[in-house]
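Below is one structure; the comments refer to it alone.
No value in this document is a laboratory result; all are computed from the given coordinates. Given the structure is predicted, the values throughout are model-derived calculations rather than measurements. Using ideal geometry, Cβ is built from the backbone for each residue, glycine included, and neighbour counts are taken over all protein chains shown.
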Amino acid sequence: MTTEAKEFEPEVVAFCCRHCAYSAADLAGGGRMTYPCAIKIVEMPCTGRANVLEILHAMENGADGVAVAGCLPGTCHYIKGNTHARQRVDHVSELLTKIGLEEMRVRMIHISAAMGAQFVAEVTNFVETIKDLGPSPLSRDTGNARVAPGSEHAGSKP
Amino acid sequence: MIVAEQKPLDEIKTMLEGCKKVLAVGCGTCVTVCFAGGRREVGILSASLRMSTDLDGEAIAVEETTVQRQCEEEYIAPLEADLEEYDAVLSLGCGVGVQSLARQFPGKRILPALNTKFMGFPSEHGVWEERCQGCGNCVLHITGGVCPVSRCPKQLFNGPCGGSQDGICEVDPGTECAWHTICTNQLELGLFEEMMKVQPAKDWSTSRDGGHRRIVREDIRLPEIEKA
């Protein structure tokens, strides 16, 4: 009987703008391109909707990495949503360092709806980065998860 | 509004050493508007503390709530029901909020998560500037709507000092000289000559120099019998 170590399969949440990255993921699927199954896509009306708290809750709930995928600079359907998203992602990177996690576990990606192949390349590259970093010390695999599966997030009183 | 900013995470963690369960309390008024202690900031700080202390191996259970105003008894009194289960309360209110909680709940550790900075306004999104120090004796009617107490580093009352260069303060190149702005405003208002009137020396006893301040309004104060 072999005792091969189980390969690390990361969980990566991708907050995707419906006007670009979400459609690019669709295009990739339609073109029979594959990207890592580690990517768990959350559709958003605009990455301007992604706030610091949601990204942190994803990390707290055991995600090994979080990507925020919005439109190319200057092409946001809501003018500046992707610009605000990038500012927030930069802020979360700093926060993660203060918390004790690697800043590279969160990444902003800019993509257009026509860039299916680039979407695949970007998310594959991000998943490889997360694999290199290893599992988040807060992920369920390590037994350190603070939040029970299915609960929205920890500790909020009504 | 009262403007505050969050203390560094490490400083807050040091304050919480030895605690197992903490209630983070936000305030829905000034510190919500300046993005320092509203519901979202409470969520971000609480999540950060839960994750960070977990990684340190001494996890603290941080729960969250936000009240409309921490500086008024009627809004914070309902917190008492659950307070026994917490080792400490982490206030994301201004200094007034922290002290209101400490007064309301004697015997409970109330810890400040924010540094209260000043009374000011947002000059642009994400930038706040001081506008009032609460000196208790407003002079804005004779200074063109610009406060020399809060905006002049020297708190001068007789015009710009020698450090005023092209309308900029020598203390900070990003700051307008308050007295340059006062003079400009008074000229535009046609009230420059008003500034030539000799003003009595400012009475600083209404400011911090007079010690702890208190306002009593007998016209709206409740009679002793009603307080009971």
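Taking amide hydrogens as placed 1.01 Å from N in the peptide plane, the amide H of B:C132 sits under 5 Å from those of B:M119, each at least 5 positions away in sequence or on another chain.
Adding -39500 (n - 2.57) for every DSSP H run of four residues or longer, then dividing by how many residues chain B holds, sets the calculated 222 nm ellipticity at -7500 deg cm²/dmol. Pairs from the table (B:K20/B:K227; A:K131/B:K21; A:K40/A:K80; B:K117/B:K197; A:K40/B:K7) lying more than 28 angstrom apart at Cα are B:K20/B:K227; A:K131/B:K21; B:K117/B:K197; A:K40/B:K7. Taking all Cα-Cα distances within the protein assembly as shown, those exceeding 28 Å account for 60%. 3J(HN,Hα) couplings calculated from phi for the stretch B:163-175 with the Karplus curve 6.51 cos²θ - 1.76 cosθ + 1.60 (θ = phi - 60°) are, in sequence order, x, 7, 10, 6, x, 10, 6, 6, 5, 8, x, x, 10 Hz; Gly and Pro show x. Taken one residue at a time, the phi angles of the stretch B:184-201 give Karplus couplings (6.51, -1.76, 1.60, θ = phi - 60°) of 4, 4, 5, 4, 4, 7, x, 10, 4, 5, 4, 6, 7, 5, 6, 9, x, 4 Hz. Gly and Pro are set to x.
Pairs of Cα atoms under 8 Å, at least six residues apart: use those to get the relative contact order of chain B, whole percent. Don't skip to the end; give the middle numbers.
Values: 344 pairs, mean separation 37.9, N = 228.
Computed value for chain B: 17 percent relative contact order.
Rounded to the nearest whole Hz, the Karplus-based 3J(HN,Hα) values (6.51 cos²θ - 1.76 cosθ + 1.60, θ = phi - 60°) of the stretch B:7-20 follow the sequence 5, x, 4, 5, 5, 5, 4, 4, 4, 8, 4, x, 8, 10, with x at glycine and proline. Beyond 26 Å, how much of the Cα-Cα pair distribution for the stretch A:12-142 remains, as a whole percent? Counting pairs separated by more than 26 Å, the tail of P(r) holds 16 percent.
Let me check I have the definition right: for chain B, take the eigenvalues of the Cα gyration tensor, multiply each by 5, take square roots. What are those semi-axes in whole Å, largest first?
Details: eigenvalues 337, 115, 37 Å².
Largest first, chain B gives 41, 24, 14 Å.
Based on Cα contacts under 8 Å between residues 6+ apart, the stretch B:2-117 shows a relative contact order of 35 percent. When B:I76, A:I55, B:I142, B:I215 are arranged by Cβ crowding within 10 Å, least crowded first, meaning fewest neighbours, the order is B:I215, B:I142, B:I76, A:I55. With both residues required to sit in chain B, DSSP beta bridges show an antiparallel share near 45%. R0 = 22 Å: FRET efficiency of B:C161 with B:L140, Cβ-based, nearest 0.05? Efficiency, from the Cβ-Cβ distance: 0.60. Ordered by the number of other Cβ atoms lying within 10 Å of each residue's own Cβ, fewest first, A:K40, B:K7 fall into the sequence A:K40, B:K7.
Taking amide H as placed 1.01 Å from N in the peptide plane, B:A24 has its amide H under 5 Å from the amide H of B:E63, B:E64, B:T65, B:L90, each at least 5 places away in sequence or on another chain. As an equivalent ellipsoid, the stretch B:133-210 spans semi-axes of 20, 17, 10 angstrom, where each value is the square root of five times an eigenvalue of the C-alpha gyration tensor, largest first. Between B:P122, B:P160, B:P200, the residue with the greatest mean-square fluctuation in the GNM of chain B (Cα pairs under 10 Å linked by springs) is B:P200. Per-residue mean of foreign Cβ neighbours for B:89-101 is 0 (Cβ atoms of other chains, 10 Å radius). Taking R0 as 51 Å, what FRET efficiency do you get between B:T184 and A:K6 from their Cβ-Cβ distance, rounded to the nearest 0.05? In this case the efficiency is close to 0.10.
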